[in-house]
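Asker: Please find one structure pasted underneath; my questions will follow.
Nothing in this text is a laboratory measurement; each read-out follows from the coordinates by a stated rule. Since the structure is predicted, the reported quantities are computational estimates derived from the model, not experimental observations. Positions of Cβ are backbone-derived with ideal geometry, glycine not excepted, and every protein chain shown enters the neighbour counts.
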Amino acid sequence: MGHGSATKLLAWLLIVVLAGPATAQQAGPLPKKAEAIRQKAKALAPDARISVIPLQGQEEFGRFRSSADDSFAFYDIDRQTNVTLRYVEVRKLKNGYGGYNTVTRRHVDRSHAYIALAVVAAVIGGLLAAVATAKN
């Protein structure tokens with residue numbers, strides 16, 4: 001084996017060793033649900049109000065910042081910090097968010113507020129009906 005062929009062999013081995021980890025790190029296609037989240041994020045305008053429901057943890061509210069191939073970033077308005085989540089970590093991404101709960105000092109989803117209001121109204125209605133029945 002000559003000096004030239006040893007150099008070529010070494011160069012070939014270096015290419016194989018260095019190229020192997022780079023191709024192994026490339027991610028495959030996203031699962032269907034994550035791809036839907038990615039498409040929604042790509043359609044959002046910068047600074048749009050969003051609600052994010054992660055697979056783990058509580059719903060977060062914030063201002064959309066940017067999206068990448070495997071993640072998106074937003075500013076969490078309750079925690080006052082930048083957050084980056086991978087699409088596969090998100091259950092749901094929604095436009096907008098509800099009001100502000102002064103007791104918990106956090107933003108809330110409007111649908112949760114409507115459910116709580118309906119429950120309170122039902123309880124008060126039940127109490128009024130029980131009082132009216134007791135008087136008769």
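Asker: What residues from the range 50-82 fall in the zone where the backbone N is under 12 Å from a label point 7 Å along the Cα-to-C-beta line of Ala34?
Answerer: Taking a point 7 Å out along Cα→Cβ of Ala34, the residues of the range 50-82 whose backbone N falls under 12 Å are 69-72.
Asker: Note the full-extension length gain between Ile124 and Thr84 as 0.36 nm times their separation in residues minus their Cα-Cα distance, in nm to one decimal.
Answerer: Extra length from Ile124 to Thr84 when fully extended: 10.1 nm.
Asker: Give the lysines reachable from Lys94 as a straight Cα distance under 26 Å; neighbours fewer than 8 places away on the same chain don't count.
Answerer: Correct list for Lys94: Lys32, Lys33, Lys40, Lys42.
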